[in-house]
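Visitor: Please find one structure pasted underneath; my questions will follow.
The values are calculated or read from the model by the stated rules, or taken from the named source; none is laboratory data. In this text the structure is predicted, and so the values were computed from the model without any measurement. In this analysis, Cβ positions are derived from the backbone assuming ideal geometry, glycine residues included, and neighbour counts consider all displayed protein chains. Ligands, DNA and RNA are excluded from the accessible area calculation, which covers all protein heavy atoms including side chains. Shrake-Rupley method; radii C 1.70, N 1.55, O 1.52, S 1.80 Å.
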Amino acid sequence: MTDRLYYEDSYLWEFEGRVLQIREEGGSHWAVLDRSAFYPTSGGQPYDTGTLSWTGGCTRVLEVQADRYGEVWHRTETPLTPGTEVRGTIDGDRRTDHMEQHGGEHMLAGAIWEMLGGTTIGLHLGAEDSSIDVSLPEGRTHLTEEEIQALEDRVNARIRQDAPIRCWFPGEEELAGLPLRKPPTVTAHVRIVAMGDFEMVACGGTHPSSTGRIGQIKILSAVPSKGKVRVTFVCGRRAEKLFQEYMRSARKAGNVLSCPVGKLSSCAGELKARLADAERRLNRFETERVLARIHENEDPDSLKGIVLSVTALEETDAKPVAEAASRYIAQDGRILLLSVGERLTFARSRDVNADMNELIRRVARGGGKPEMASGAGIPQCAEVARKILVTEGKGRNWRNR
C-alpha cells in the first residue's frame with residue numbers, strides 16, 4: 001500500500017518518492033508511488049494536483065485516485081518509468097482550500113447534530129461551494145432562518161477559539177471508548193479527527209491544524225433534497241471572497257439608488273413599489289392608446305349588423321393589447337382582427353355568430369376558442385381574414401340572438 005504522507009502532515013507540500021507501477025488507460029498515464037502526499041478523491045473531498053519532477057524531467061499530476069487495495073494512482077500529463085525517483089510538489093492553494101471547506105464541514109455537521117439532532121449523510125465539495133445532505137428528526141426537510149443563523153454563529157464562535165485539530169489512528173480498545181458523533185463507515189484502519197472538545201468523528205481526509213485556520217463559515221442555503229436538507233456553505237478564503245463580492249455589489253447598488261448599504265432593502269422595496277405603480281399607469285395609458293387605434297379602424301358597413309375593426313399595430317407589450325381587445329369585444333356586435341408585428345389576435349363579441357378559432361387557422365398558425373384566438377403570421381393575414389368574412393358572410397345573420 002502507498003504510504004500516505006498527508007495522514008501525518010496535511011501541510012506537507014513537497015516529498016520524495018519512487019515510481020512502483022504504471023499503467024496506460026484510454027490514453028491516460030497512471031503511476032503508483034511508494035509514498036505520496038497527494039490526496040486521492042475520497043469522502044466527498046476532491047483530489048490534489050501538482051507536479052512530479054525528476055532529474056531531467058517534470059510532469060503535471062492531473063488526478064489522483066485510490067484503488068481497493070490501498071494503492072494511490074496518479075494520472076500524469078506524460079508517462080513515468082518504474083524505479084524513477086521523483087519529487088512531488090502539491091498545489092498548496094488547492095489543498096488549503098479543500099482543508100478549509102472540509103474542516104468547516106466537520107464543524108457544521110457537528111453543530112447540526114448537537115443543536116438539531118441531524119445526521120450528515122454525505123459531503124460534496126465543489127469548485128465554488130460545498131454542501132452536506134442532512135437527515136433531520138421526524139423527516140423535516142427545512143431549516144428556519146433562525147436555525148441557520150444559530151448554526152452559523154455557533155460554528156464561527158468555535159472557529160475563533162482556534163482549538164487544536166488532532167488526527168490519529170487509535171487502537172481497538174481506545175476506539176471503542178471514543179465519543180464519536182457517528183459510527184465509522186470502515187472497520188479497520190480507522191482514522192479519527194477531533195476538533196477541540198466539541199467534534200470527534202472518523203475521517204480519512206485532510207484538515208487544518210486548528211479551527212482558527214478554517215477562517216469563517218457562511219451558510220448560503222438550506223433546501224429540501226430527496227427527503228433530506230441540503231445545506232450549502234463556503235469557508236475560509238471562499239467566504240472572504242464572497243463577502244468582498246457582496247460588498248462590491250452592495251456599494252454599486254447603493255450608488256445607483258443613492259442609498260446607504262444598510263438601507264438597501266428598504267430602498268429596493270420602495271423602488272419596486274414605485275416601479276409597479278409606474279407599470280400600472282403605463283399599461284392603462286397603453287391600453288387606451290390601443291383601444292383608440294382599434295376604434296379608428298372600425299368598419300360598420302362591410303358586415304351586416306356587425307362593426308369590424310382590422311387594426312395593425314407596431315410591437316408593444318402583450319398585456320395592454322390583451323386588455324384592449326377584451327374591452328373592445330365586451331361591446332355587442334364587434335369583430336376584431338388585430339395584428340401586432342407577427343402576433344395575431346382574432347376576437348368577437350359574445351353575441352356574434354363567428355368562430356375565431358376556425359378563422360385564424362385558415363390564415364395563420366394558431367388557435368384558441370371560438371370567441372378569441374391567437375397566432376403568428378404576417379400582418380396581411382388579418383386582411384385575408386377580413387376578405388373571408390366579407391365574402392362568405394354576405395346575407396348572413398351574424399347575431400346569436
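Visitor: Does anyone have the angle between helix 92-116 and the longest principal axis of the chain? Alpha-carbon axes, 0 to 90°, nearest 10?
Guide: 80 degrees
Visitor: So, one more: Can you pull the accessible area of Y6 for me, 1.4 Å probe, Å² to the nearest 10?
Guide: Answer for Y6: close to 0 Å² accessible.
Visitor: Placing +1 at every Lys and Arg Cβ and -1 at every Asp and Glu Cβ, with all other atoms neutral, what dipole size does the stretch 192-329 have around its Cα centre, in debye to the nearest 20? Intermediate results must be reported in sequence, preceding the final value.
Guide: Values: 22 positive and 17 negative charges, 215 e Å.
The calculated dipole for the stretch 192-329 is roughly 1040 debye.
Visitor: Check the straight Cα-Cα distances from K369 and name the aspartates and glutamates below 16 Å, setting aside those fewer than 8 residues away within the same chain.
Guide: D351, D355, E358
Visitor: On to the next question. Each residue of the stretch 385-391 in turn: what ³J(HN,Hα) in whole Hz from Karplus with 6.51, -1.76, 1.60 and θ = phi - 60°, glycine and Pro shown as x?
Guide: Computed from phi, the couplings for the stretch 385-391 are 5, 4, 4, 4, 5, 5, 5 Hz.
Visitor: Now for a different question. Say the cut-off is 23 Å between C-alpha atoms; which of K228/K272; K218/K241; K272/K319; K218/K272; K226/K272; K182/K241 go over it?
Guide: Flagged as over cut-off: K228/K272; K218/K272; K226/K272; K182/K241.
Visitor: What order, most packed first, do the peptides 131-137, 200-206 have when packing is the mean number of other Cβ atoms within 10 Å of each residue? Please report the intermediate quantities before stating the final value.
Guide: Values: 131-137: 18.3, 200-206: 20.3.
Result, highest mean Cβ count within 10 Å first: 200-206, 131-137.
Visitor: Rounded, prolate or oblate, given the Cα gyration tensor of the stretch 195-352, with a/c below 1.5 counting as rounded? Let's see the in-between values first.
Guide: On the way: a/c = 5.03, a/b = 2.89, b/c = 1.74.
In terms of gyration-tensor shape, prolate.
Visitor: Could you give the angle, 0 to 90 degrees to the nearest 10, between helix 145-160's Cα long axis and the longest principal axis of the Cα atoms of the chain?
Guide: Between helix and principal axis, roughly 30 degrees.
Visitor: Compute the accessible area per residue over the stretch 1-85, keeping the other protein chains in place, probe 1.4 Å, unit Å².
Guide: Spelled out: the 1.4 Å probe surface of the stretch 1-85, per residue, equals 50 Å².
Visitor: Still on this model: For the stretch 63-120, what log10 I(q)/I(0) values come out of the Debye formula at q = 0.21, 0.29 1/Å, with one point per alpha carbon and no solvent?
Guide: Results for the stretch 63-120 at q = 0.21, 0.29 Å⁻¹ read -0.96, -1.14.
Visitor: Taking all protein chains in place and a 1.4 Å probe, what share, in percent, of the accessible surface of the chain do carbon and sulfur account for?
Guide: Details: 10660 of 21390 Å².
The computed percentage sits at 50.
Visitor: Can you give the angle from 0 to 90° between the axis of helix 318-329 and the longest principal axis of the chain, with both taken from C-alpha atoms, to the nearest 10?
Guide: Once rounded, one gets 30 degrees.
Visitor: Residues of the stretch 103-247: accessible area per residue at 1.4 Å, in Å²? Provide the component values of the computation, followed by the final result.
Guide: Working: 7390 Å² over 145 residues.
Spelled out: the 1.4 Å probe surface of the stretch 103-247, per residue, equals 51 Å².
Visitor: Now a separate question. Calculate, in whole percent, how much of the Cα-Cα pair population of the chain lies beyond 40 Å.
Guide: Taking all Cα-Cα pairs of the chain, the fraction more than 40 Å apart is 50 percent.
Visitor: Where the centroid of each part is defined by its Cα atoms, how far is the stretch 119-140 from the stretch 247-269 in Å?
Guide: Each part's Cα centre sits 33 Å from the other's.
Visitor: Which value, in Å² rounded to 10, gives the accessible area of I294 with a 1.4 Å probe and all protein chains present?
Guide: 0 Å²
Visitor: Between V234, V290, V64, which gets the highest mean-square fluctuation from a Gaussian network model of the chain, Cα cutoff 10 Å?
Guide: Sorting by GNM fluctuation, first place goes to V290.
Visitor: What does the accessible area of E240 come to, in Å² to the nearest 10, when a probe of 1.4 Å is used?
Guide: 80 Å²
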